[in-house]
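A.B. asks: Below you will find the structure I want to go over with you.
Values quoted throughout were computed directly from the atomic coordinates according to the rules given, and no laboratory measurement underlies them. Just so you know, these numbers come straight off a predicted model, no measurement behind them. Note that each Cβ is placed from the backbone with ideal geometry, even for glycine, and that neighbours are counted across all protein chains shown.
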Amino acid sequence: ELDPVLVLTEDQLLSILKICRIWDIKSGITFACHSIEQLDLPPTRMMYLGIHFSKASWIRQAVIALMDVPLNHISYEDITAMGLKAVVTVAKAREMFQGEMKQLTYSPPLSGLAYGRAGLKLVR
């Protein structure tokens, strides 16, 4: 006979996280955070939660995921929830990344280097 699996909703996990943070229950915080990370939440929601709960890893993952989402595809409600600072951070990160990609695309290859199966090698 299999043990029943406890499936908690986002709201339940957030309640656990809030209570465990108040009482500084580390195992509960770890459980709630890990469980929230396993949910398939949109990056805008993870950004909001990362900011609200000061979880840098959630913010970082959200920024990376949002780099591929056109800003006009993010709803006004999501922008309001994330906050203007977060939206500007994503826009700046996207702009910087795109600038770096353009620079790499238009840069000539470095002379004296060859790329083979083993990686970069100095060619004399």
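A.B. asks: Can you tell me the relative contact order of region 1-100? Whole percent, Cα pairs under 8 Å, sequence separation 6 or more. Let's see the in-between values first.
C.D. replies: Values: 58 pairs, mean separation 19.5, N = 100.
20 percent.
A.B. asks: Once the piece of chain linking Thr105 and Ala93 is laid out straight, how much longer is it, given 0.36 nm per residue of separation minus the C-alpha distance between them?
C.D. replies: Working: separation 12, 0.36 × 12 = 4.32 nm, distance 1.82 nm.
Working it through step by step, the gained length comes to 2.5 nm.
A.B. asks: Here's something else I'd like to know. Cut-off under 28 Å on the C-alpha distance; same-chain residues fewer than 8 positions from Lys102 excluded. Which lysines are left, in chain and number order?
C.D. replies: Lys85, Lys92, Lys121
A.B. asks: Can you list the lysines whose alpha carbon sits under 25 Å from that of Lys26, skipping same-chain ones fewer than 8 residues off?
C.D. replies: Candidates past the 8-residue exclusion: Lys18, Lys55.
A.B. asks: Tell me, what HN-Hα J-couplings in whole Hz come from the Karplus equation 6.51 cos²θ - 1.76 cosθ + 1.60 at θ = phi - 60° for each residue of region 36-51, using x for Gly and Pro?
C.D. replies: Each residue of region 36-51 in turn: 5, 5, 7, 6, 8, 8, x, x, 5, 5, 5, 4, 4, 5, x, 5 Hz.
A.B. asks: On to the next question. Pop a pseudo-label 7 angstrom from the Cα along the beta-carbon direction at both Arg21 and Ala81 and give the gap in nm to one decimal.
C.D. replies: Reported label-point gap for Arg21 and Ala81 is 1.6 nm.
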